[in-house]
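The values are calculated or read from the model by the stated rules, or taken from the named source; none is laboratory data. Not measured: the values here are computed from a predicted model. With ideal geometry, Cβ positions are generated from the backbone for all residues, glycine too; neighbour counts draw on all protein chains shown. With ligands, DNA and RNA removed, areas are computed over all heavy atoms of the protein, side chains included. Shrake-Rupley method; radii C 1.70, N 1.55, O 1.52, S 1.80 Å.
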Amino acid sequence: MGSSSSTQHHFAFQNAEKAFKAAALIQRWYRRYMARLEMRRRCTWNIFQSIEYAGQQDQVKLHEFFSYLVDHFTPSSHHERDFLNRMFTEERFAQDVETEEGGDFESIEVPDSYTGPRLSFPLLPDHATALVEAFRLRQQLHARYVLNLLYETRRHLAQLPNINRVSTCYSEEVTVCGDLHGQLDDLIFIFYKNGLPSPERAYVFNGDFVDRGKDSVEVLMVLFAFMLVYPKEFHLNRGNHEDHLVNLRYGFTKEVMHKYKIHGKKILRTLQDVFCWLPLATLVDEKVLVLHGGVSDKTDLELLAKLDRHKIVSTMRCKTRKESENLEEQKRKDNQTSSAQKPTPWFLPQSRSLPSSPFHLGSGFKAYKACRSCSIPCGSAVSKELSRQGQVRRSMDLELELCRQQAGFLGIREKRESLPLADCDADAGGMLKPTPEEWKQVVDILWSDPMAQEGCKANTVRGGGCYFGPDVTEQLMEKYKLQFLIRSHECKPEGYEFCHNRKVLTIFSASNYYEVGSNRGAYVKLGPALTPHIVQYQANKATHRLTMRQRISRVEESALRALRQKLFAHSSDLLVEFRKRDPDESGVITLSDWAVAVEAVLHLGLPWRMLRPQLVNSSADNVLEYKSWLDSLAKEQLSRENIQSSLLEKLYRNRSNLETIFRIIDSDHSGFISLDEFRQTWKLFSSHMNIDITDDGICDLARSIDFNKDGHIDINEFLEAFRLVEQSCSEGQASACPQSTDTGESGRSSPGPC
C-alpha cells in the first residue's frame, strides 16, 4: 500500500509540474500575442492621427495663403470689397440685421405634409425630448424651426459671460462631455446611459459639436434646445470646429446646404454668429477649468473673461469683422482719390514677393505669417498700453451694463439692438477691437495640446495653438487655485487620458471616430468632492460582436488603406526621392533608404520600418524595386477609378483642398460658382500672378469650365477642369498651362487652358 501511494504521489507531482510549465508557456504566449496586438493598435492609431493632423496643416496653410492674397489686394469697387468680405467673414448686410431681429423666419411656411418635429417657444422639456426622439427616427427639422431655434439660442448666448460658472451645490453632479463631431448616436447614448439633462443633472459639452460626422445639424439642434430649456444646468463651450472657415473643409457647410437647399445660406449666416457667441470656458466650483484645447504660458483667464468674444469670428484669421470693414473702407477711399487722376484698372499689381502656393512659402509670406502667429506675443509697450486701456474700458462697460440692468434700465447690448443701423455702426466703430494678444488667447485655448516635456512651444503638428508642458499646467493651477483641467480636442483610444500628474484630463466623446472599433467614447462625472468618475462606452453595437483581434484587424486595414492613398497621392515626389538614393540608376534601393525617403516626402513621423511589412512585399536581399512598388500602388487605386494614373494621383492629393477652395469661392454657399464669383476670384489670382486678362477673357474661361452650359460651375465641373489641366500638362502642352503641381496653384490655375 505504501509503495502504491508513493507512486501515485510521484505521478501527481509530475502532472503538476507539467501543468505549471504548460500554464507558464500559455501565459508567455498570451502576453506576447497581446503585446503584438497592442503594437499593431498603436501603429494604426499613429497612422490615423498623423493623416488627420496633416489635413489640419493643409487647412491652415490654405487659408493663410488666401488671407495673404486678400490682404494684399486693393478692391477697385464697393462690389469687389463686399465679395472679399463674404469670402472669409460672411459680412452681414442690412437685410441680415433685419433677420437678426427675429421676425424673418415667420415668413417661412411649414407645409401641411410636414411630419417632422414642431417647436414652440419658450421651449419645454417635452419639446427637447421629442426632438431627440424625432432625430433618432431620422426625421428632419423644418428650416423655420431651425432658424427660430438659432435666433433664440443667439439671444441667450449673448447674455452669457465668456467663462461660465457651474456649482455642484445645486445639482447632484456635473457631467462633462468632449468632442461629438456630428455623431448623433453618441449623444443619444450619453443621454440614455447617464440620463437626460435636468435641474439635478447638469451637463457641460466641451466644443467640436460639428464636422466630420453626418448629423452635425441634429447634434446642434438637440444641444441648443436643452440649453434653452435648462439655461442654468446645460452649458456649451466653443471648440476649434465652431468656426465657419473650418466648416468649409470638414463637411458641416456641405451638410447644411444639402439638408436645407433653400434656406441653407441663411442658416449658415446665423450659425456663424451663434458660434461667435459661444462661451470660451467653464469653471466648476471655481476649482476645475473646462475648455476645449488647452493653455499656454501666456494664458490669462482674467483677460479671457473680459474680451469681446463675438468679435473673434474665426481663429483661422486674425482680423475681426469691424477691423476688416474699416481697412477695406480706407482702401476704397484711397482708391477713389487716386481714380480722379487715372482710370482704375480691375486689379492693381503689387510689387511684393507673394507666395506661389500655400505649400511653398516665400520670405514675404513667412514674415506676414509670423506677425499673425499665435505663438508670438505682442510685446511692444504701445500695444500693451492699448490692451490695458481696452481692458479697463471693457470692464467699466460691463459694470455699467450690470448696474443699468439691476436698476431696470435698458442694457448696452439691448440698446444697441434697438438702435438704427447707422447709429449701431457708429457706436461699434468707436469701441476698441480685440488685439492680436486677445486673439492669441482664444486660439491657444481652442487649439493647444499637452506634451510630456517641460515648457511651451508652437504646435507645428496642427498648425495652430501650442504644446504646453507640466510646468505650464502647474503654474496655471497655482495662479488661479485650480485642482485640475478638463479638455477635449484629441481623440484617445480609451476615450480619456490623464497627463501632467493627473492635473490634465482629456475627454473625447465620439466613439469609433476613425473607424468602427477604433476608439471608445467617454464622459466624466463630477460630484461635490470633484473626484472625476469616468464612464466609457461604444455607441456602435457592431463592435460588441467583434473579438479584439477582429476589431484591431479591421481598423488596421482601414488605416493602411488610407496610408496607401496618401503614398499614391505623392508618387511623383516619392519617385524623385528614390532616384536620389539610386545614383547608379539600378531601379532598386535598400529598405532602410525606402523608409527614410518616404518620411522625407510625407513628414508624418510614422515608424516606417515597423510598417514596412504591411506596405512592401518582403525581399530576400533587403532591397526594393521602387518603380514596381509605385506601379502596384497605382493599380490598387486604379481598380476603383477609371482615370489615368498621373491624373488620379493629383486628384487624390488635392481633392480635399480643391473642395475647400470651391467653397471659399462659392461665397453665398449656393453650391455653385456664379460668373460674378468666378470673375472676382480670378481677378484676385491674376493680381498675384501678374496676368493681364480682360473681362471678356474671364467670361470665356468661366464658360469653358461650365461644361453643361447651365450658367454656373458646380463642384464636378470644377474638379473636371482641374483634371483636364493636368492632362494637358502631361501631354506636353507646357506652354499652355501652369507648371505647378502643389495645391494652391492647382486650385487657382485650373481654369487656365480650358
Using alpha carbon centroids, what distance separates region 163-220 and region 498-572, in Å?
-> 18
So, with a 1.4 angstrom probe, what is the percent of accessible area on region 548-616 that is carbon and sulfur?
-> 45
Which whole-number percent is the relative contact order of region 449-560 (Cα, under 8 Å, 6+ apart)?
-> 16
Cα atoms only, region 507-608: Rg and Dmax in Å?
-> 20.9, 71
Give the carbon-plus-sulfur fraction of the accessible surface of region 447-503 in %, rounded to a whole number; probe 1.4 Å, heavy atoms of protein chains only.
-> 49
Would you please name the GluC sites (Glu not before Pro) within region 98-160 that are DSSP coil residues with at most 15 other C-beta atoms within 10 Å of their C-beta?
-> GLU101, GLU109
Sequence-separation-based contact order of region 89-244, relative, with Cα cut under 8 Å and 6+ spacing, percent | 23
For region 546-552, in order, what is each residue's ³J(HN,Hα) by Karplus, 6.51 cos²θ - 1.76 cosθ + 1.60 with θ = phi - 60°, in whole Hz (x at glycine and Pro)?
-> 9, 6, 4, 5, 5, 5, 5
Cross-link list LYS259/LYS525; LYS266/LYS440; LYS261/LYS541; LYS266/LYS492; LYS306/LYS525; LYS306/LYS481: which exceed 26 angstrom alpha carbon to alpha carbon?
-> LYS259/LYS525; LYS266/LYS440; LYS261/LYS541; LYS266/LYS492; LYS306/LYS525
Total formal charge among the other residues, if their Cβ is under 13 angstrom from that of GLU494, Lys/Arg +1 and Asp/Glu -1 = +1
Could you tell me which trypsin sites (Lys or Arg not before Pro) in region 468-509 are loop residues by DSSP with no more than 13 other beta carbons within 10 angstrom of their beta carbon?
-> LYS481, ARG502
Rounded percent of accessible protein surface that carbon and sulfur make up, region 149-200, 1.4 Å probe = 51
TYR203's amide H: which non-local residues (gap 5+, or another chain) put their own amide H closer than 5 Å, with H modeled 1.01 Å from N in plane and none for Pro or chain starts?
-> THR175, PHE234, HIS235
